[in-house]
């Protein structure tokens, strides 16, 4: 499919975040892409709706605004894709902003090498807070799990994340879209797309500014859920498991063992961990040029590995040794779909 045959629809679920929608719509209003595109905003049962803010942009942008009962982001994206007029959907989180050439870069990449699904990276904006930059660093760095999910070796068989993800209408209709698991609905969809013969890849130039409006407590909760979801996906999709998924668990268990070994005056393991954190600090300082961000990144990586590693170990045991279905073991990881 060539660019002239593609009609883009942005699909954006939102839940009680009207101010974020304002920033996202403002960035969409500055896109350099010459052809018309559609924006579908799906209000997922919000008490603080975005209706007034959306109304301020309706003369500048082609916006379809929908309201539905709360049933989670995956189901909201499905709703938006069913109602959209385009034949290629771009899924964004409400806490993202786009550079002006975002859609132009997507179109050029698909025109050269069309795929039915793509993912783009996320990065920081200069106006982000030190905490937002630190969390962005540990989520994207080659020295942390960012290297696992975003390294170039995976670019041609990339598992997109729904904060910045494209999917063709044909792939959506063939797969049925997102399931009701959350988080984890995006890799689940990608794995089902692959089984149907659809291809996905990374478009490195199609990056977004991802604000991640969370504190360390919320970050722990989010990463813990990510860890719990992965063994469920491994069970649903045999052959999808990777040794790298164990890395955060091994890291934390090794750190605890290193601390215990200090009691018998064996310091080599803890010194290796110290070297790792020094490298992490230096790398973050070079990238962001802010000591506060580099200091926050050390704590952020501990939170990330601890939360994910614990969730992954717990879920691995319960999923593989419990007679109950994952929906019964982890009901907080599943939304009930909206019945339209």
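Since every read-out is calculated from the coordinates, none of them should be taken as a lab result. Computed from a predicted structure; not experimentally measured. Cβ atoms come from the backbone with ideal geometry, glycine included; neighbour counts cover every protein chain shown.
Structure data summary
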{"read-out": "Peptide ranges 258-267, 13-22, 302-311 listed from the most packed, as the mean C-beta count within 10 angstrom indicates", "value": "302-311, 13-22, 258-267"}
{"read-out": "Separation of alpha-carbon centers, the stretch 121-147 and the stretch 272-340, rounded to whole Å", "value": "14"}
{"read-out": "Tilt relative to the chain, helix 102-112 - C-alpha long axis, 0 to 90 degrees, to 10", "value": "90"}
{"read-out": "Distance in nm between pseudo-label sites at residue 286 and residue 256 (7 Å out along the Cβ direction from Cα)", "value": "3.3"}
{"read-out": "Approximate spin-label separation residue 126-residue 196, in nm, with each point projected 7 Å along Cα-to-Cβ", "value": "4.2"}
{"read-out": "The chain: calculated mean residue ellipticity at 222 nm from DSSP helix runs of at least 4, using -39500 (n - 2.57)", "value": "-15500 deg cm²/dmol"}
{"read-out": "Relative contact order [Cα under 8 Å, 6+ residues apart], the stretch 167-285, whole percent", "value": "17"}
{"read-out": "Among (i) 6, 29, 37, 23, 5, 0; (ii) 6, 20, 21, 24, 18, 8, 3, 1, 0; (iii) 5, 24, 33, 25, 10, 2, 0, 0, the entry that matches P(r) over Cα pairs in 10 Å bins from 0, in percent as calculated here", "value": "(iii)"}
{"read-out": "Among beta bridges that DSSP assigns inside the chain, antiparallel share in %, nearest 5", "value": "35"}
{"read-out": "Contour minus Cα-Cα distance for residue 299 and residue 16 (0.36 nm per residue)", "value": "99.0 nm"}
{"read-out": "Peptides ranked, highest mean first, by Cβ atoms within 10 Å: ranges 23-30, 276-283", "value": "23-30, 276-283"}
{"read-out": "Volume of the Cα convex hull of the stretch 243-340, divided per residue and given in Å³", "value": "177"}
{"read-out": "Folded to 0 to 90 degrees: helix 216-236 orientation relative to the chain principal axis, Cα", "value": "80"}
{"read-out": "Using alpha-carbon coordinates, inclination of helix 247-261 to the longest axis of the chain, degrees", "value": "20"}
{"read-out": "Likely footprinting exposure, 90, 11, fewest C-beta neighbours within 10 Å first", "value": "90, 11"}
{"read-out": "Pairwise FRET efficiency - residue 62 versus residue 327, Cβ, R0 = 41 Å, nearest 0.05", "value": "0.60"}
{"read-out": "Peptide ranges 250-256, 80-86 listed from the most packed, as the mean C-beta count within 10 angstrom indicates", "value": "80-86, 250-256"}
{"read-out": "Mean separation of Cα contacts under 8 Å (6+ apart) over length of the chain, as relative contact order %", "value": "19"}
{"read-out": "Cα→Cβ-extended label distance, 7 Å offset, between residue 112 and residue 273, nm", "value": "4.4"}
{"read-out": "Relative contact order %, the stretch 1-108, counting alpha carbon pairs below 8 Å whose residues are six or more apart", "value": "43"}
{"read-out": "Burial ordering of 140, 123, fewest other beta-carbon atoms within 10 Å first", "value": "123, 140"}
{"read-out": "Per-selection metrics, the stretch 48-162 (Cα): Rg and Dmax in Å", "value": "16.6, 45"}
